[in-house]
Amino acid sequence: MGYSIAEKIIKEHIVSGEMIKGTDIGLRIDQTLTQDATGTMAYLEFEAMGVPRVKTERSVAYIDHNTLQTGFENADDHRFIQTVCKKHGIYFSRPGNGICHQVHLERFSKPGKTLIGSDSHTPTGGGIGMLSIGAGGLDVAVAMGGGAYYITMPNIVKVELKGELKPWVSAKDIILKVLEIMSVKGGVGKIIEYAGEGVKTLSVPQRATITNMGAELGATTSIFPSDETTREFLKAQGREEDYIELKADEDAVYDEHIVIDLDELEPLAACPHSPDNIKPIAELKGQKIDQVCIGSCTNSSYADLMTVAHILKGKTVHPDVSLSIAPGSKQVLTMLSENGALADMIAAGARILESACGPCIGMGQSPNSAGISLRTFNRNFLGRSGTKDGQIYLVSPETAAASALTGVFTDPTTLGDPYKVEMPEQFLINDNMIIEPASVEEMDNINVLRGPNIKEFPATYPMEDSIKASCSLKVEDNITTDHIMPAGAKILPLRSNIPAISQHCFTVCDTQFPERAKTLGSSIIVGGANYGQGSSREHAALAPLYLGVKAVLVKSFARIHRANLINAGILPLEFINESDYDKISLFDELELNDIKAEILNGDTVTILNKTTGETIKAKCELTQRQKDIAICGGLLNYTKMNG
């Protein structure tokens with residue numbers, strides 16, 4: 001039996017366990033990345049481990065999220081990260097150099113290598129044939145220190161692409177179609193591997209758009225073959241030596257097989273408030289819009305924005321529409337400025353933003369009250385834009401640009417003659433915004449600079465024999481990490497200050513939660529299915545930890561958030577009978593007697609609802625390593641104890 005692409009990379013990097021589906025495996029990690037919203041905490045964790053210098057082949061810190069400096073906090077965090085990088089062997093991408101995933105794809109991603117990043121859209125690197133996985137900051141810190149990264153060996157889903165996209169239909173429409181088929185929880189525990197003749201028709205940036213939004217499936221990662229198209233991209237980036245051919249064996253066996261005929265695809269939109277709420281643009285056409293935002297790590301490549309510039313050239317944005325455009329990297333922005341495309345976009349009335357995440361994480365450009373905003377981004381969760389009643393639609397750059405001109409949803413297939421961007425034979429390469437670390441000889445002379453907003457990692461303690469706690473919150477299905485720990489311009493600057501940011505925890509759902517949890521002292525959160533989908537932000541575990549949350553009891557978890565809870569020392573529990581969800585109410589007193597013994601001896605725990613007298617059984621399916629982490633009180637304690 002042959003191997004899939006993902007299995008080949010895993011086979012080369014496995015250091016613990018065996019490639020048996022559903023079992024725990026540890027992987028050697030070649031590269032890591034962080035961004036500034038998660039990076040400060042990751043580097044505080046790395047420092048706490050006492051490892052003097054990173055042990056990966058390449059670790060890079062990007063400044064791309066918290067670039068709006070309305071106070072000292074973000075600037076202090078950036079200074080802290082820069083000095084940590086200089087001291088500990090990490091490359092530092094300065095603010096303005098671009099979005100982490102776009103820059104990493106351009107300058108550092110390598111086929112056949114492993115990458116984990118403290119951002120859920122790290123799978124963007126799968127577009128170049130890299131096994132790229134989003135993770136919590138503590139997992140990234142451990143990998144930087146030379147430790148393995150542990151996952152459950154995933155199932156592999158083959159998505160076969162047939163045919164070729166019609167003019168004005170794009171890679172964004174492919175991944176929206178996959179989301180329509182699989183849903184936001186359909187990829188949990190799976191790697192999505194793309195194959196078929198249609199793959200050859202897609203450029204590396206198009207492939208990266210698809211793997212980027214694989215995060216919205218809940219997938220471990222997504223990956224494409226590394227082929228001649230990959231070689232051409234790397235050669236144009238001056239990195240042809242990084243190329244290797246990578247393809248699945250003909251007799252590779254997959255757990256699922258999905259076929260998509262590219263010839264039949266039409267422009268699509270993800271409607272509010274979920275990336276899998278898909279409708280054809282043809283059904284929405286004519287509906288008035290208020291805002292268009294083009295950019296993000298999903299659709300801000302050179303080819304994306306050249307297409308946008310072509311659509312806008314010689315025209316004017318509709319007077320009722322605000323159009324903003326954020327190039328994904330300094331490389332893209334510079335090339336657009338040199339070839340005149342930037343001038344075409346400006347002349348049309350576009351507002352040009354810096355090369356950063358910006359509106360995608362609610363950092364500016366919030367739409368008007370109940371405004372309809374078309375965005376080329378990857379998430380449209382309720383309130384993520386910064387406007388609580390904003391109506392956010394996810395669309396392709398083609399749809400976004402066409403609609404910006406008309407002021408209504410517009411099908412880009414009505415634009416007329418097809419337009420195809422030719423990929424450059426040579427990208428403009430200037431890495432002067434990437435600062436190399438100090439040498440081994442110089443590193444001891446570097447002082448790490450800390451601002452007053454930077455607080456230590458919350459204290460964690462070994463597990464007690466029993467847990468007695470009240471239900472401090474009860475929430476529904478599909479709770480995202482944006483619900484748990486909101487982003488936005490007001491809250492993101494607090495990412496390095498867990499006591500301060502915890503005051504915003506779950507306030508999207510219940511403004512009284514932080515104060516209630518602190519008053520209760522110890523508590524348990526109860527939730528529905530797919531709890532914790534979305535961003536990799538470990539703050540969605542660290543803030544509840546600080547507020548005294550001991551366990552989270554839900555119908556099912558999203559992968560990264562479940563791992564982050566374990567890392568923080570919070571027990572992830574799942575109802576054996578989902579109907580038991582209805583047997584717990586806010587403020588019910590819950591007891592988990594002999595919890596330590598139950599966890600050590602099996603995967604089922606008993607919860608006594610003292611308020612109602614009900615007894616509830618829950619799963620706590622942990623590997624032996626995860627049990628040890630839980631008993632120690634979290635990954636940081638476990639790592640210190642085990643060297």
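The values are calculated or read from the model by the stated rules, or taken from the named source; none is laboratory data. What you are looking at is a predicted structure, and each value in this text was computed from that prediction instead of being measured. Reconstructed Cβ throughout: ideal geometry from the backbone, glycine too, with neighbour counts over all protein chains shown.
Can you tell me how many residues in the range 458-477 are closer than 25 Å to Asn530 by Cβ, part of a loop (DSSP other than H, G, I, E, B) and β-branched (Val, Ile, Thr)?
Within the range 458-477, residues that are closer than 25 Å to Asn530 by Cβ, part of a loop (DSSP other than H, G, I, E, B) and β-branched (Val, Ile, Thr) number 1.
All of (1) part of a helix (DSSP H, G or I); (2) free of Cβ contacts under 8 Å to residues at least 24 places away in the same chain; (3) farther than 23 Å from Tyr243 by Cα hold for Lys11 with one exception: (3).
If the condition is being closer than 18 Å to Gly39 by Cβ and not in a loop (DSSP other than H, G, I, E, B), then the range 108-124 contributes Leu115, Ile116, Gly117, Thr122, Thr124. Every listed requirement among (1) of a type in the set (A, V, I, L, M); (2) in a strand (DSSP E or B); (3) buried (at least 20 other Cβ atoms within 10 Å of the Cβ) is met by Ile258 save one, (3).
For the range 37-59, taking the residues that are within 21 Å of Asn453 (Cα to Cα) and among the polar types (S, T, N, Q), the one that is surrounded by the most Cβ atoms within 10 Å (Cβ to Cβ) is identified as Thr40.
Would you point out which residue out of Lys162, Lys166, Lys185 is surrounded by fewer than 24 Cβ atoms within 10 Å (Cβ to Cβ) and under 16 Å from the mean Cα position of the chain (by Cα)? Don't jump to the end; show me each part of the working.
Values: Lys162 fails: under 16 Å from the mean Cα position of the chain (by Cα); Lys166 fails: under 16 Å from the mean Cα position of the chain (by Cα).
Going through Lys162, Lys166, Lys185 in turn, the sole match is Lys185.
Screening Ile244, Ile192 for residues that are among the β-branched types (Val, Ile, Thr) and either assigned to a loop (DSSP other than H, G, I, E, B) or assigned by TED's automatic domain parsing to the domain that holds Gly534 (or both) leaves exactly one candidate, Ile244.
When you look at Ile584, is it buried (at least 20 other Cβ atoms within 10 Å of the Cβ), farther than 16 Å from Glu464 by Cβ, over 29 Å from the mean Cα position of the chain (by Cα) and touching a residue at least 12 places away in the same chain (Cβ under 8 Å), yes or no? Outline the logic, then answer.
Numbers: buried (at least 20 other Cβ atoms within 10 Å of the Cβ): yes; farther than 16 Å from Glu464 by Cβ: yes; over 29 Å from the mean Cα position of the chain (by Cα): yes; touching a residue at least 12 places away in the same chain (Cβ under 8 Å): yes.
Yes.
For the range 426-465, filtered to residues that are of a type in the set (Gly, Ala, Ser) and at pLDDT 95 or above, the residue that is farthest from Lys87 (Cα to Cα) is Ser439. Which of the residues that make up the range 18-45 are under 18 Å from the mean Cα position of the chain (by Cα) and assigned to a helix (DSSP H, G or I)? Matches in the range 18-45: Asp36, Ala37, Thr38, Gly39, Thr40, Met41, Ala42.
Residues in the range 558-572 that are under 13 Å from Ala618 (Cα atoms) and either surrounded by fewer than 24 Cβ atoms within 10 Å (Cβ to Cβ) or free of Cβ contacts under 8 Å to residues at least 40 places away in the same chain (or both): Leu571 alone.
Residues of the range 476-506 that are surrounded by fewer than 19 Cβ atoms within 10 Å (Cβ to Cβ), closer than 15 Å to Val549 by Cβ and in contact (Cβ under 8 Å) with a residue 12 or more places away in the chain: Pro499 alone. Every condition in (1) assigned to a helix (DSSP H, G or I); (2) surrounded by fewer than 24 Cβ atoms within 10 Å (Cβ to Cβ); (3) in contact with a helix residue (DSSP H, G or I) (Cβ under 6 Å, 6 or more places away or on another chain) holds for Thr83 except the one numbered (3).
When you scan the range 60-76, do you find a residue that is crowded, with 24+ Cβ neighbours inside 10 Å and either assigned to a helix (DSSP H, G or I) or among the hydroxyl-bearing types (Ser, Thr, Tyr) (or both), even just one?
Within the range 60-76, the first condition is being crowded, with 24+ Cβ neighbours inside 10 Å, and the residues that meet it are 61-66, 74.
Now restrict to residues that are either assigned to a helix (DSSP H, G or I) or among the hydroxyl-bearing types (Ser, Thr, Tyr) (or both): 62, 74.
Yes, that holds for at least one residue.
Within the range 336-376, the set of residues being assigned to a strand (DSSP E or B) and of a type outside the set (Gly, Ala, Ser) comprises Arg351, Ile352, Ile372, Leu374, Arg375.
Could you tell me whether the range 587-595 includes any residue that is more than 17 Å from Asp465 (Cβ to Cβ), at pLDDT 95 or above and not hydrophobic (A, V, I, L, M, F, W, C)? Scanning the range 587-595, I find at least one residue that is more than 17 Å from Asp465 (Cβ to Cβ), at pLDDT 95 or above and not hydrophobic (A, V, I, L, M, F, W, C), so the answer is yes. Checked against (1) touching a Gly at 6+ places or on another chain (Cβ under 9 Å); (2) closer than 30 Å to Asp417 by Cα; (3) part of a loop (DSSP other than H, G, I, E, B), Gly198 meets all criteria but (3).
For the range 33-81, give me each residue that is polar (S, T, N, Q) and on the phi > 0 side of the Ramachandran plot. Explain how you work it out, then say what you get.
Restricting attention to the range 33-81, the residues satisfying the condition of being polar (S, T, N, Q) are 34-35, 38, 40, 56, 59, 66-67, 69-70, 74.
None; the set is empty.
Scanning the range 271-311 for residues that are assigned to a strand (DSSP E or B) and crowded, with 18+ Cβ neighbours inside 10 Å gives Ile278, Gln291, Val292, Cys293, Ile294.
A search for C-beta distances below 6 Å between a residue of the range 456-474 that is outside the structural domain of Cys632 (by TED's automatic domain parsing) and within 10 Å of Ala568 (Cα to Cα) and any residue that is buried (at least 19 other Cβ atoms within 10 Å of the Cβ) and among the hydroxyl-bearing types (Ser, Thr, Tyr), counting only pairs 6+ apart in sequence or on different chains, returns Pro458/Tyr546.
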